[in-house]
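Enquirer: Dropping the structure in here first, questions after.
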Amino acid sequence: MIVENVLHRPIRTLVSILAVAIEVGMVMLVVGMTHGLLNEYAKRVEGVGADVMIQPPNASFFFGLSSAPMPVKIADRLAELPHVLAVTPVLFQSYSTGGVPIIVYGIDMPSWNRVTGGFVYLQGGPFRGPNDILVDDIYARDNHIRLGQTLNVYQDFQVVGIVEHGKGSRLFIPLATAQDMAGAHDKASIFYVKCVDPAYTDSVIASVRQLLPNYTVLSIKQFMTLVTSNDLPALTAFITALIAVAVCIGFLVIFLSMYTTITERTREIGILKSLGASKAYIIQVILREAALLCLVGIVAGIVGTIVAARVIQSSFPTISVDLTPLWGLRAAALALAGALLGAFYPAFRAARLDPVDALAYE
Amino acid sequence: MEPLIATQDLKKVYRVGKVEVHALRGVDLVVQEGEFVAVVGPSGCGKSTLLHILGGLTPPTSGRVLVDGNDFMAMSDAERTRFRRHKIGFVFQRYNLLPTLTARDNIRIAQHIQGNGFNPHRFAMVTEMLGIADKLNRKPYALSGGEQQRVAIARAIICEPKILLADEPTGNLDSENSQIVLNMLRTLNRTFRQTILMITHNPEAAAVADRIVRMRDGRIVGS
Ligand SMILES: Nc1ncnc2c1ncn2[C@@H]1O[C@H](COP(=O)(O)OP(=O)(O)O)[C@@H](O)[C@H]1O
Ligand SMILES: [Mg+2]
């Protein structure tokens, strides 16, 4: 009977399924894109090749965006610590291309090269002047950038080199220029520290903590696990809000759908009651119908999300969407819970209908 | 032998806003097991109300109602529902089939609600007897009124109820189909000693019953 009822009102069924699918898709995509963004960012941070990263007190630990950058001078003191091979300061400049956020790295070339082992230049070479910019190959390909052209990042730069991707950012400008642009003279957003051997990472962290007690000091390994974990610590408020909105949509649509259904089928509920159906039986019928709609919606949502992720990735190669089965399950569970909750009040009302009135209903 | 149905000074008052409608004003009715009783009377005299109370669809306001030894005044809503599930079969003037289900599923859902599982033997026997065995895959809209009513009767008796309550079962049927349905009710009564209480407007329909109960203004005025 449940299947027949669902098929009896194809538009209502379709809309309900679509709402659940959108709900599931929204949760999965938002989480997937956030994961993708973070994983990708984390991979590039890892690609810098440092062992330790140091950020100002209270820095938002991923992306390291902070309104209070650190004095570059600290780098010299860090470099004197035991087991430290090299330290390089980077000033972040946030920018966006076509809606995709990107953090431009202001780098100090000599120390950068010591920490990272230097860029692989696919075309061109290092900075020659303050208004030069380096672009990684992916960014260059997506934005059709040729060597020697002018690129505007708040101001005009000349593209002097195209480098292999994977080291921190996709766009690099000289540190001094970045400091001028930000009005942050002699300041840095982050220090990357390279140890003489990775085995010294922990002892280096300990001595940095002694030197700079309130600063955020993380090994790159710790950073990676934090950023790539399934429970995104830093973005929870944002993601929770979006998930809540998605679940509300699913809840409301199922609620409305089941509510109109019981009004429309008042007589049928009366018939079931005349046959001796208990309240529990009627509640079950309605909840199962909602669950069926929801399950089809979940499947549609998951399939749709996988397709959408493919489309997004092929049209915007700089965005990566990392869909995790765990979040697929979470999205499905949330959708099902929302749907059952939405169906519960209509089901309860249906169960409480007076059978004689329901049978007389036109 | 104890009667299957016994009511004493049964009253039912509907409250519609501030207005009280006295639908039953003291009904004393006794029906023995195996009887076929017709209830006749003008429209609005409380026939349907009586049937609904006897089937446990609505509680009485006062008086005594004993159906198969169950005292409805003392029973909760859920208990009356369970009683109805196992002891009562309803047939209505408007057939009241579930429109989205086939005839087969309409009958089987009664068995499903009753929860005793599917009894293929009983199913075959009932559908055969009512002459609907070859129409089981059709949905109600694809059946004539007479066929729909026969499916409704099949649904009502599939779980072997103690009492079949029929509210103007031929009210929407032409005389030919009425006759078929009435014959089936009589066969059920004669062959299986099915107790039947049937409301009707039609004197010919009432004539197939063993006994006729006349109602007027919420009371029984003769049988
Ligand atoms: N659910 C109800 N609410 C209020 N009044 C009702 C209701 N059902 C029936 N009545 C009233 O009770 C009286 C008896 O109705 P009913 O039992 O349907 O009579 P009959 O079936 O003999 O035509 C009528 O006056 C009717 O208007
Ligand atoms: Mg009536």
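Enquirer: Taking into account only those residues within the range B:38-67 that are more than 14 Å from chain A (Cβ to nearest Cβ), open to solvent by less than 10 Å² (accessible area, probe 1.4 Å) and within 16 Å of ligand 2 (Cβ to nearest atom), which is farthest from B:Ile157 (Cα to Cα)?
Expert: B:Cys45
Enquirer: In the range B:1-21, which residues are more than 16 Å from ligand 2 (Cβ to nearest atom) and either surrounded by 14 or more Cβ atoms within 10 Å (Cβ to Cβ) or touching a residue at least 12 places away in the same chain (Cβ under 8 Å) (or both)?
Expert: B:Met1, B:Glu2, B:Pro3, B:Leu4, B:Ile5, B:Ala6, B:Thr7, B:Gln8, B:Asp9, B:Leu10, B:Lys11, B:Val13
Enquirer: Let me ask you something else. Looking at B:Ala74, B:Ala78, can you tell me which residue is surrounded by fewer than 17 Cβ atoms within 10 Å (Cβ to Cβ), more than 14 Å from ligand 1 (Cβ to nearest atom) and within 11 Å of chain A (Cβ to nearest Cβ)?
Expert: After ruling out the rest, the residue left standing is B:Ala78.
Enquirer: Sort out which residues of the range B:81-114 are open to solvent by 20 Å² or more (accessible area, probe 1.4 Å) and away from chain A (no Cβ under 11 Å), and write them in order of number.
Expert: Residue satisfying the conditions is B:Arg104 alone.
Enquirer: Of everything in the range A:336-362 that's more than 20 Å from A:Leu18 (Cα to Cα) and of a type in the set (A, V, I, L, M), which residue is farthest from the other protein chains (Cβ to nearest Cβ)?
Expert: A:Ala347
Enquirer: In the range A:206-224, which residues are among the aliphatic types (A, V, I, L, M) and not in a loop (DSSP other than H, G, I, E, B)?
Expert: Within the range A:206-224, A:Ala206, A:Val208, A:Leu211, A:Val217, A:Leu218, A:Ile220, A:Met224 meet the criteria.
Enquirer: Right, another one. Can you pull out every residue in the range A:66-111 that is hydroxyl-bearing (Ser, Thr, Tyr), farther than 17 Å from A:Asp51 by Cα and open to solvent by less than 20 Å² (accessible area, probe 1.4 Å)?
Expert: Matches in the range A:66-111: A:Tyr105 only.
Enquirer: Going by the structure shown, is A:Glu289 within 14 Å of chain B (Cβ to nearest Cβ) and farther than 22 Å from B:Ala78 by Cα?
Expert: Yes: the conditions hold for A:Glu289.
Enquirer: Being under 20 Å from the mean Cα position of the chain (by Cα) and closer than 23 Å to A:Ile269 by Cβ is the filter here; which residues of the range B:106-134 pass it?
Expert: B:Asn106, B:Ile107, B:Arg108, B:Ile109, B:Ala110, B:Gln111, B:His112, B:Ile113, B:Gln114
Enquirer: Quick one: in the range B:182-213, of everything that is modelled with pLDDT of 95 or more and within 15 Å of ligand 2 (Cβ to nearest atom), which residue is farthest from the other protein chains (Cβ to nearest Cβ)?
Expert: It comes out as B:Val213.
The values are calculated or read from the model by the stated rules, or taken from the named source; none is laboratory data. Predicted model, so just to flag it, every value in this text is computed and none were measured. Reconstructed Cβ throughout: ideal geometry from the backbone, glycine too, with neighbour counts over all protein chains shown. Surface areas here come from the heavy atoms of the whole protein model, side chains and all, with no ligands, DNA or RNA. Shrake-Rupley method; radii C 1.70, N 1.55, O 1.52, S 1.80 Å.
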